[in-house]
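Asker: Below is one structure. I have some questions about it.
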Amino acid sequence: MMKNKNKCAFLFVVCFGIILTGLAQHPVDVEAYHFEIELTDQSDAITGKAWIDVRFLEDATEISFDLASIENDKGMYAYQVMENSLPLQAVHVHDVVHITLPKMARKGESHRYEIQYMGTPKDGLIISKNKFGDRTFFADNWPNRAHQWIPCIDRPDDKAAFEFLITTPLQYQVISNGILIKETKIDGYRKLTYWKETIPLPTKVMVIGVAKFAVKEWRDHPMDVPVSAWVYPQDSSRGFYDYAVAPGILTFFSDLIAPFPYKKLANVQSKTIFGGMENASAIFYAEDLVTGDRQSEDVVAHEIVHQWFGDMASEKSFAHLWLSEGFATYLTDLYFEKKYGRDSFVKRLQKERDAVRQFVKTNHHPVIDSTSDLMSLLNANSYQKGAWVLHMLRNEVGDSTFQKLLRVYYSRYAGSNAETRDFQRVAEEVSQKQMQWFFDQWLYQPGIPSLLIEWKGDHKEIKLQVKQLNDQLYRLRLSLLITTKNGSTRMVHYFIEEKETTIKLSLDSEPVSVVADPITVLLYEGIVQEKK
């Protein structure tokens, strides 16, 4: 513990540190975090120590870490910063701990910094009661809320290994990422639980969950990966039934993408503010999703997809969130197609298309969106439109090529980060097609195509006019199903890229109806009408 006079000196710097808030965060790569945190039932305050191993990417005389400052009696207070047991001059202000280095750190050097802190989290670590009135502690870091309770570099592109040593009252169990190293009794009131994750991950998925749990591990471990459920004891039978779909889901995606990247998969009933949160190897689900009837199988599938796309292969910035959410949405559709058939798959796609159609009526942002309001990115652009982009890409390149490009993209960026152009390059490499137009119009351009399809029959002939109503032209693969008076049908496919396209066809009898996109492969809105 820091001596009082050094603590006072640190406080003096904090109080007068407002002049330093313009300091830039110097480029470093965090290689590992070591967190020791104590939780109690006496209050919501926590005490913590963090050891942060960094490698400098350029010469620097300062370094900064994100950590929420105290505001209205909530937040964290960093009261000691050290390197090699020597106190360092530091300023904790405006949610950043700025550290002045005693001598210049050179590019390529590795250093370890210790930060001692305490406080009451205002976010990030949710300390509350569950639906049964029992006290719980659940981390909920997405998108950049980890710094509300742990010092870190709170960005998705700075991945690191980490470990949590959590001291709690005896009655609680602790779940986290990675593997359980030990659980030991400290005294008659407290115990220490130690979890360690050696795979570098972004802060958005570094978590702990502390509660009274009933735990079940399934025997049908796919590829020797332990799969378990951690649910409130009062919900044990319902939760164990609901989460029993997880081993089969994990097997499906392991076969589709690559072997599961982590050493276990825990499915945890929690107090997350989201429906589900894809914390690597320890997925947190909203507590009310435990119903005992498996109504949330799609949520379980969605979060398990994220173990590959979002956790292992992560977006470089949240502007490219669709690389997580669009992938998780569409691959969940593929799981439902495999398990429940084509009709189930098509219904999901149609529902997702309806969501996009409704969304674009009032939102004019592209999928690649650099907004600073990160929570606003949880929208139909990132999820449903992202899924449709993948669906159209699959139909553009073919099923086998699509699966191959998924695997190549994952293998190339597993353990690191990518942006949309990186995925585009993989798609072009694998398909041997130039796809700049595809990615530009669907991801970097707002909205969706608006079509007016008019047709007129004349005995055994039909004339169709396809008009693009958008200012920006699209290149589209449009399918039309024509039904004639004698009951026969004819499917035709056209590549549309002009403002107006005229099509004439000979038929075996008079046309009576035209259906656009009968095989559900195009994201669009529009009207098909007979021209009198």
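The values are calculated or read from the model by the stated rules, or taken from the named source; none is laboratory data. Since we're looking at a predicted model, the values are computed, not measured. Quick reminder, even Gly has a Cβ in these numbers, built from the backbone with ideal geometry, and neighbours come from all protein chains shown. The area values use the complete protein model at the heavy-atom level, side chains included, leaving out ligands, DNA and RNA. Shrake-Rupley method; radii C 1.70, N 1.55, O 1.52, S 1.80 Å.
Asker: In whole percent, and with a 1.4 Å probe on the protein chains, what portion of the accessible area of the chain is carbon and sulfur?
Answerer: Carbon and sulfur together cover 49 percent of it.
Asker: Turning to a different aspect of this structure: On a 0 to 90 degree scale, rounded to 10, what angle separates helix 342-359 from the longest Cα axis of the chain?
Answerer: 80
Asker: Starting from the range 333-382, pick out the trypsin sites (Lys or Arg not before Pro) whose DSSP state is loop and whose Cβ has at most 11 other Cβ atoms within 10 Å.
Answerer: Counting only loop positions with at most 11 other Cβ atoms within 10 Å, the trypsin sites (Lys or Arg not before Pro) in the range 333-382 are Lys361.
Asker: Using DSSP to define loop residues, name the GluC sites (Glu not before Pro) in the range 386-437 whose beta-carbon has at most 16 other beta-carbon atoms within 10 Å.
Answerer: Those that pass, being in a loop and sparsely packed, are Glu419.
Asker: Another question, if that's okay. Holding the Cα-Cα limit at 22 Å, pick out from Lys460/Lys504; Lys216/Lys264; Lys182/Lys263; Lys361/Lys531; Lys49/Lys122 the pairs that are longer than that.
Answerer: The pairs that break the limit, which is 22 Å between Cα atoms, are Lys361/Lys531.
Asker: Find which of Asn470, Thr420, Ser128 sits farthest along the positive direction of the dipole of the chain, computed with +1 on the beta-carbon of Lys and Arg, -1 on that of Asp and Glu, about the Cα centre.
Answerer: Asn470
Asker: How about the range 310-379: which GluC sites (Glu not before Pro) there are in a DSSP loop, with at most 11 other Cβ atoms within 10 Å of their Cβ?
Answerer: Counting only loop positions with at most 11 other Cβ atoms within 10 Å, none of the GluC sites (Glu not before Pro) in the range 310-379 qualifies.
Asker: With θ taken as phi - 60° and the coefficients 6.51, -1.76 and 1.60, list the Karplus ³J(HN,Hα) couplings across the range 196-212 in order, rounded to whole Hz; mark glycine and proline as x.
Answerer: So the Karplus estimates, Gly and Pro as x, are 9, 10, 8, 7, x, 9, x, 4, 4, 10, 8, 9, 10, x, 10, 6, 8 Hz.
Asker: Label the range 461-532 by shape, choosing from rounded, prolate and oblate, from the square roots a ≥ b ≥ c of the eigenvalues of the Cα gyration tensor; if a/c is under 1.5 it is rounded, and otherwise prolate applies when a/b is larger than b/c, oblate when it is not.
Answerer: Taking the square roots of the gyration eigenvalues as a ≥ b ≥ c, the range 461-532 is prolate.
Asker: Roughly what angle does helix 420-431 make with the longest principal axis of the chain, taking Cα atoms, 0 to 90 degrees, to the nearest 10?
Answerer: Once rounded, one gets 50 degrees.
Asker: Which of [x] 24.0; [y] 29.6; [z] 25.6 is the computed Kirkwood radius over Cα pairs in Å for the structure on display?
Answerer: [z]
Asker: Which percent, to the nearest 5, of DSSP beta bridges fully inside the chain are antiparallel?
Answerer: 80
Asker: Taking H as built 1.01 Å from N, whose amide H comes closer than 5 Å to the amide H of Ala280, not counting residues under 5 places away?
Answerer: For Ala280, no residues qualify.
Asker: Between the range 204-241 and the range 386-428, how far is it from one alpha carbon centroid to the other, in angstrom?
Answerer: Computed from Cα coordinates, the inter-centre distance equals 31 Å.
Asker: For the chain, with every protein chain kept in place, what is the accessible area per residue (1.4 Å probe, Å²)?
Answerer: Result: 42 Å² of accessible area for each residue.
Asker: Quick one: helix 386-397 against the long Cα principal axis of the chain, what's the angle to the nearest 10°, folded into 0 to 90?
Answerer: Tilt relative to the chain: about 50 degrees.
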